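Values in this text are rule-based calculations from the coordinates and carry no lab data. Model, not experiment: these values are computed from the prediction. Note that each Cβ is placed from the backbone with ideal geometry, even for glycine, and that neighbours are counted across all protein chains shown.
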Amino acid sequence: MVTTALTDLWFGFGVALEPHNLMWCFIGVLVGNMVGVLPGMGPLATISILLPLTFGIPPVGAILMLSGVFYGAQYGGAICSILLNLPCHPPHAVTCLDGFPLTKQGRGGAALGITVISSFVGASWGITEMIFLAPVLVTVALKFGPAEICSLMLLGLLAGSTLARGSPLKGVAMTVCGLLIGIVGSDIETGTPRFTFGIPNLFDGVEIVALALGLFGIAEFMKSVNQLSEVDTKYTKVTFKDLRPTKDELRRSWGAMFRGTIIGSLCALIPGTGPTIASFISYATEKKISKTPEKFGTGMIEGVACPEASTHSSVQGDFIPTMSLGIPGDAVMALILGALMIQGIVPGPQLISEHPDIFWGLVASFWIGNIMLVVLNVPMIGLWVKLLAIPYKYLYPSALFFVCIGVYSTGNDMFQVGETIVIGLIGYVLLLLDFHPAPILLGFVLGPRFEENFRRAMLISRGDSLVFIDIKNHPISAFFIFLAALLIVVQLYVRLRRPKALIPELEMNAKPNNIAPVEP
Amino acid sequence: MFQTLLRKRDFYSGGLMTLLGAGVTLDSSTYEVGSLTHMGPGMFPLMLGVVLTFIGVLIFGTALVTPLGEDEHILPRQKEWRGWFCIIAGPVLFIIFGHYFGMAPATFMCVFVSALGDRTSTLLGSVLLGLAITIPGCALFSLVLHLPFPIFRWGF
């Protein structure tokens with residue numbers, strides 16, 4: 001099995017090293033790194049803006065580029081947190097705690113150097129995990145019938161909506177809204193138009209680009225306009241030489257890096273827990289096992305190495321359920337899945353065997369992309385630091401233009417732009433009401449497949465709704481339903497027993513006055 | 001009691017979800033629901049509508065039992081009417097100008113108007129930003145990516 005994985009990987013490198021694929025990968029990580037550095041832009045908005053531009057390029061290139069934006073943004077986000085104390089990207093919020101004090105002590109460069117090393121270590125582990133785990137998951141998943149797929153999706157949706165930020169109840173409400181938005185359009189079996197309000201443009205359903213750009217573009221801009229304080233660039237003079245950590249700093253970081261990597265890769269396997277939660281858990285763990293926990297927050301290099309390693313290992317690991325099962329764990333993965341579907345590729349366990357070039361090319365490109373990122377970040381650190389000073393008032397109008405033209409280009413139709421505005425307004429109202437719109441996208445992407453499999457499962461079982469928990473004939477499905485029930489019970493238990501023990505600590509770190517783009 | 005309830009965020013979020021769920025439930029029963037074995041187009045939305053109504057009621061319930069947060073407001077403390085208006089007006093103008101005058105005027109109006117939403121922006125600064133985006137933007141989308149959207153047109 002190891003040898004097949006290695007031959008497949010070899011094939012993947014062949015795909016990823018083709019000049020045009022290499023170029024798309026490079027553009028992806030470059031743009032990702034850039035938006036990661038820019039305060040106020042998130043990977044979600046960027047991927048949605050780039051999504052319509054990928055319609056014209058082959059599927060492999062499109063996926064390599066969009067994924068590159070995602071993990072590239074993680075590199076850039078770290079620069080922003082360490083040098084500016086701005087948690088622009090939620091996964092890096094904890095990095096601020098020790099990264100910024102280090103910057104004030106003049107060791108910001110070393111912190112960035114450690115970040116690059118731990119990111120690479122974390123990412124490499126995540127990729128290795130994907131190489132060996134994804135094929136195993138696929139062999140299991142290929143045996144799934146409609147009932148199993150349905151239960152698995154239910155579990156994925158539930159985990160994705162309740163484990164992410166904010167109130168679990170509201171997360172579930174948003175997922176249901178997403179499923180409902182997925183219904184808009186003609187019914188697959190009978191062709192009956194549903195929830196179209198008589199508008200012919202809606203018969204094809206809501207455009208995923210319009211939905212994503214409304215929620216993560218327009219609504220986010222409305223939330224952040226005039227809210228970003230002036231960036232303090234006092235400490236941002238970092239040059240190539242400063243990046244080198246001392247021997248002592250390196251020695252202290254290795255253990256933290258290793259632990260962070262493991263925690264991140266475990267978190268990646270649970271849908272919905274993504275990089276943000278991974279970084280919080282790993283920081284807390286590191287603090288707990290440290291001999292000097294009281295020093296955390298005053299500039300401990302371990303406090304930088306650990307969350308960064310776990311973020312990156314979890315970012316790469318997030319692709320495992322997405323690519324092998326077709327179940328995205330968060331909104332970014334839902335978008336990448338959406339990009340696949342637009343290219344006419346059906347996500348699911350058959351993806352690896354039917355489109356090996358996409359899967360193995362992607363895996364190989366992760367490594368190539370991560371190496372590119374190290375190369376981009378180490379000598380060019382001065383340039384990235386300069387980008388930090390671009391004010392938001394120049395940023396969001398330019399982004400709005402890309403939003404408009406991007407949505408327009410999906411169908412060369414102004415109706416889509418109008419749709420985006422309406423969705424953006426609704427999204428802002430939802431934000432004001434304390435809803436996090438990310439699960440909407442999750443529900444939207446999975447909705448049609450969920451309904452289809454649900455109908456099929458019920459047809460096969462002749463209308464017996466107990467088919468999902470039938471231990472005798474569908475043990476796997478019953479197991480998934482059991483896990484879903486367990487998830488709800490555990491969350492209820494935690495909430496009722498100590499309602500405020502965990503949450504404030506997490507939210508306090510993500511300072512509300514500094515904006516954090518919606519991200520799981 | 002009722003006064004404090006009116007200030008709670010969850011009062012509105014729960015209410016909104018309940019209303020939405022009820023609306024969906026009512027609307028989906030106008031489609032053919034079918035039986036469990038042969039589901040019609042209305043069955044799945046009907047189920048989702050019921051679930052959403054139920055969740056809405058639960059959120060509403062949490063508003064009743066939890067005490068009022070320290071500064072709980074529906075609108076943010078600083079009301080950015082200018083910013084909100086400009087951000088919406090930008091894409092709206094993009095539609096109008098795009099329909100009648102083409103890509104370049106649409107782009108310029110979109111960037112120019114939305115840039116005015118920032119409190120520190122000036123007319124001149126916004127014009128310059130608009131030009132700085134319009135020229136390379138149109139070159140990129142029209143000349144490089146060949147988007148079928150004329151740079152100038154007279155669409156009346």
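Which of A:THR95, A:MET174, A:ILE57 sits closest to the plus end of the dipole of the protein assembly as shown, meaning its Cα is farthest towards the positive end, when Lys and Arg get +1 and Asp and Glu get -1 on the C-beta?
Ranked along the dipole, the leading option is A:THR95.
Counting Lys +1, Arg +1, Asp -1, Glu -1, what net charge surrounds A:SER310 among other residues with beta carbon under 10 Å of its beta carbon?
On the way: positive: A:ARG259; negative: A:GLU286, A:GLU308.
My count for the surroundings of A:SER310 gives -1.
Once the Cα atoms of helix A:302-317 and of chain A are each reduced to a long axis, what angle between those two axes, in degrees from 0 to 90 to the nearest 10, is obtained?
It works out to around 30 degrees.
If you rank A:TYR493, A:TYR408, A:TYR394, A:TYR428 by fewest surrounding Cβ atoms within 10 Å, what's the result?
Details: A:TYR493 10, A:TYR408 25, A:TYR394 19, A:TYR428 22.
With the fewest neighbours first, A:TYR493, A:TYR408, A:TYR394, A:TYR428 line up as A:TYR493, A:TYR394, A:TYR428, A:TYR408.
For the stretch B:2-65, calculate the relative contact order in percent as a whole number, restricting contacts to Cα pairs under 8 Å that are 6 or more residues apart. Don't skip to the end; give the middle numbers.
Numbers: 90 pairs, mean separation 30.0, N = 64.
Across the stretch B:2-65, relative contact order equals 47 percent.
For chain A, give the magnitude of the charge dipole about the Cα centre (Cβ charges: +1 Lys/Arg, -1 Asp/Glu; no others), in debye to the nearest 20. Present the calculation step by step, with values, prior to reporting the outcome.
Values: 31 positive and 33 negative charges, 330 e Å.
Approximately 1580 debye in magnitude.
Rounded if a/c is under 1.5, else prolate if a/b is larger than b/c, else oblate: which is the stretch A:80-235, with a ≥ b ≥ c the root eigenvalues of its Cα gyration tensor? Let's see the in-between values first.
Working: a/c = 3.01, a/b = 1.53, b/c = 1.97.
Oblate shape, in that a/c is at least 1.5 and b/c is the bigger or equal ratio.
My understanding is that a pair violates if its Cα-Cα distance is over 19 Å; which of A:LYS104/A:LYS223; A:LYS104/A:LYS288; A:LYS223/A:LYS393; A:LYS104/A:LYS287; A:LYS237/A:LYS386; A:LYS170/B:LYS8 do that in this structure? Please list the in-between numbers first.
Numbers: A:LYS104/A:LYS223 30 Å; A:LYS104/A:LYS288 25 Å; A:LYS223/A:LYS393 13 Å; A:LYS104/A:LYS287 21 Å; A:LYS237/A:LYS386 9 Å; A:LYS170/B:LYS8 15 Å.
Checking Cα-Cα distances, A:LYS104/A:LYS223; A:LYS104/A:LYS288; A:LYS104/A:LYS287 exceed 19 Å.
Classify chain B: rounded, prolate or oblate, from the alpha-carbon gyration tensor (a ≥ b ≥ c, eigenvalue square roots; a/c under 1.5 rounded; otherwise prolate if a/b is larger than b/c)?
Working: a/c = 4.07, a/b = 1.53, b/c = 2.66.
It is oblate, given that a/c is not under 1.5 and a/b is not larger than b/c.
Hey, with R₀ at 22 Å, roughly what FRET efficiency would B:LEU64 and B:GLU32 work out to, going by the Cβ-Cβ distance, to 0.05?
The pair B:LEU64/B:GLU32 has a calculated efficiency of 0.05.
What is the extension gain from B:TRP81 to B:VAL127, computed as 0.36 nm multiplied by their sequence separation minus the C-alpha to C-alpha distance, in nm to one decimal? Please report the intermediate quantities before stating the final value.
Details: separation 46, 0.36 × 46 = 16.56 nm, distance 2.11 nm.
Here the segment from B:TRP81 to B:VAL127 would lengthen by 14.4 nm.
Shape of the stretch A:260-398 from its Cα gyration tensor (a ≥ b ≥ c, root eigenvalues): rounded if a/c is under 1.5, otherwise prolate when a/b > b/c, or oblate? Before the final figure, lay out the partial values.
Values: a/c = 2.05, a/b = 1.36, b/c = 1.51.
Judged from the Cα gyration tensor, the stretch A:260-398 comes out oblate (a/c at least 1.5, b/c at or above a/b).
How many percent of the alpha carbon pairs in chain A exceed a separation of 28 Å? Intermediate values should be presented prior to the final figure.
On the way: 70562 of 134940 pairs.
Of the Cα pairs, 52 percent sit more than 28 Å apart.
Can you tell me the relative contact order of chain A? Whole percent, Cα pairs under 8 Å, sequence separation 6 or more. Walk me through the intermediate numbers first.
Numbers: 959 pairs, mean separation 150.8, N = 520.
Relative contact order here is 29 percent.
Pairwise over distinct Cα atoms, reciprocal of the mean inverse distance: report the Kirkwood radius of the stretch A:1-111 in Å, one decimal place. The partial results should precede the final answer.
Values: mean 1/r = 0.0653 Å⁻¹.
It works out to 15.3 Å.
I'd like the FRET efficiency for A:ASP434 and B:THR4, computed as 1/(1 + (r/R0)^6) with the beta carbon distance as r and R0 of 22 Å, rounded to 0.05.
On the way: r = 17 Å, r/R0 = 0.77.
With R0 = 22 Å, the Cβ-Cβ based efficiency is 0.85.
Would you calculate the separation in nanometres between label points at A:THR292 and B:VAL50, each defined as 7 Å from the Cα along the Cα-to-beta-carbon direction?
6.2 nm
Quick one: check the C-alpha center-to-center distance for the stretch A:459-491 versus the stretch B:79-155, whole angstrom.
52 Å
Between A:ASN201 and A:MET341, what length in nm is gained on full extension when 0.36 nm per residue of separation is reduced by their alpha carbon distance?
On the way: separation 140, 0.36 × 140 = 50.40 nm, distance 1.98 nm.
In short, 48.4 nm is gained.
Cross-link candidates for A:LYS143: which lysines have Cα within less than 18 Å, leaving aside residues fewer than 8 places away along the same chain?
Those lysines meeting the cut-off are A:LYS472.
How do A:476-483, B:89-96 rank on mean C-beta neighbours within 10 Å, highest first? Display every interim value, and only then the final one.
On the way: A:476-483: 18.9, B:89-96: 21.6.
The densest-packed peptide leads the list: B:89-96, A:476-483.
Can you sort B:HIS99, A:HIS312 from fewest to most other Cβ atoms within 10 Å of each residue's own Cβ? Walk me through the numbers before you get to the answer.
Numbers: B:HIS99 14, A:HIS312 34.
So the residues, fewest neighbours to most, are B:HIS99, A:HIS312.
Treat the count of other C-beta atoms within 10 Å as a stand-in for reagent exposure and order B:HIS146, A:HIS474 from fewest to most. Please list the in-between numbers first.
Details: B:HIS146 9, A:HIS474 22.
So the ranking, lowest neighbour count to highest, is B:HIS146, A:HIS474.
Return the sequence-ordered ³J(HN,Hα) values of the stretch A:131-147 in whole Hz as given by the Karplus equation 6.51 cos²θ - 1.76 cosθ + 1.60 applied to θ = phi - 60°, using x for Gly and Pro.
4, 8, 7, 4, x, 5, 4, 5, 4, 5, 5, 5, 7, 6, x, x, 5
Among B:SER35, A:VAL429, A:LEU202, which residue has its Cα furthest toward the positive end of the charge dipole of the protein assembly as shown, with +1 on Lys/Arg Cβ and -1 on Asp/Glu Cβ?
A:VAL429
For the pair A:PHE13 and A:ARG251, what calculated FRET efficiency results from E = 1/(1 + (r/R0)^6), where r is the Cβ-Cβ distance and R0 = 30 Å, to the nearest 0.05?
After rounding, the FRET efficiency stands at 0.35.
Please compute the contact order of the stretch A:206-354 in relative form: average sequence separation of alpha-carbon pairs under 8 Å and at least six residues apart, divided by the residue count, as a percent.
Working: 159 pairs, mean separation 33.5, N = 149.
Relative contact order comes out at 23 percent.
Calculate how steeply helix A:59-84 sits against the longest principal axis of the alpha-carbon atoms of chain A, using the helix alpha-carbon long axis, and give the answer as 0 to 90 degrees to the nearest 10.
40 degrees
Check which residues have an amide H placed less than 5 Å from B:VAL33's amide H, if you skip close sequence neighbours.
So B:VAL33 has HN proximity to B:GLY42.
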